[in-house]
Amino acid sequence: MDLNNYITNVPDFPKEGIQFKDITPLIGDNEAFRFAINEMASFARAKGAEVIVGPDARGFIFGTPIAYALNLGFVPVRKPGKLPRETFEKTYDLEYGSNTLAIHKTEITPGQKIVIADDLLATGGTIDATIDLLSELGAEVVGCVFLIELDFLKGRDKLKDIPVKSLLHY
Ligand code: AMP
């Protein structure tokens, strides 16, 4: 299946100069969505994931079904003010704007093997911040999996030695 057929390019969204990759046609199609999740889940399984982590908000769309498919738990990394218990927080730059992410301090046990899932790897800022939060918890990030990677932004370089898989490259 060619997943490229389910991604729509939206020029100048949310800002001029940004070519937004709209994933909603893909997740709205039962076969494309299932195919993508199965591919992402097989990478997470091969890396020995014990927990799937996904950043707010599109990381939830991909991370939770991957966790379900592998019979694992899912831990959300959220925008500030959303998680009710004590959190670690990290602020970072985006391709457009900046963002802060938070994780509950007690959700993950030290040494647990984590695969992070998200819709798209752009500059890598989101995933880098997520990795920082997980390292504060003593977790081991064994892989990162994305539906889409924007190769020209070189986000992968930020992730150093962590194995990365993306189903689509632009
Ligand atoms: P980054 O932190 O730069 O890797 O960006 C990560 C997040 O921003 C991704 O999870 C996407 O949800 C969103 N994002 C960044 N650039 C784009 C883009 N060109 N099209 C769609 N989403 C984007």
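The values are calculated or read from the model by the stated rules, or taken from the named source; none is laboratory data. What you see is a predicted model, and the numbers here were worked out from it, not measured in a lab. Cβ sites come from the backbone with ideal geometry, for glycine too, and all protein chains shown count toward neighbours. Note: areas computed on protein heavy atoms with side chains; ligands, DNA, RNA excluded. Shrake-Rupley method; radii C 1.70, N 1.55, O 1.52, S 1.80 Å.
Tell me, Kirkwood radius of the chain from alpha-carbon pair distances, in Å?
In the chain this quantity evaluates to 16.1 Å.
Under unit Cβ charges (Lys, Arg +1; Asp, Glu -1), what dipole magnitude, rounded to 20 debye, does the chain have relative to its Cα centre?
Rounded to the nearest 20 debye, it is 380 debye.
If r is the Cβ-Cβ distance from Thr24 to Glu140 and R0 is 30 Å, what FRET efficiency results, to the nearest 0.05?
Computed FRET efficiency for Thr24 and Glu140 comes out at 0.35.
Calculate how many DSSP beta bridges within the range 93-161 are antiparallel, expressed in % of all such bridges and rounded to the nearest 5.
The answer is about 10 percent antiparallel.
With a 1.4 Å probe and all protein chains in place, put Glu39, Glu86, Glu16 in order of accessible area, largest first.
Ranked from most to least accessible, the order is Glu16, Glu86, Glu39.
Roll a 1.4 Å probe over the protein chains and send me the accessible area per residue for the chain in Å².
Averaged over the residues of the chain, the accessible area is 49 Å².
What accessible area, in Å² to the nearest ten, does a 1.4 Å probe give for Phe152?
Here the residue's solvent-accessible area equals roughly 140 Å².
Could I have the simple spin-label model distance between Asn71 and Thr100, label points 7 Å from Cα toward Cβ, reported in nm to one decimal?
4.0
Could you report the accessible area of Tyr170 in Å², rounded to 10, computed with a 1.4 Å probe on the protein chains as they sit in the structure?
Tyr170 has an accessible surface of roughly 70 Å² with all protein chains in place.
Over the range 10-139, what percent of the accessible surface lies on carbon and sulfur atoms, probe 1.4 Å?
Exposed carbon and sulfur together represent 48 percent of the surface.
Measuring from a point 7 Å past the Cα of Asp128 along Cα-to-C-beta, which residues in the range 145-159 have an amide N at less than 17 Å?
150-159
Using the beta-carbon distance between Thr91 and Glu31 and R0 = 22 Å, what value does 1/(1 + (r/R0)^6) give for FRET efficiency, to the nearest 0.05?
Calculated transfer efficiency: 0.05.
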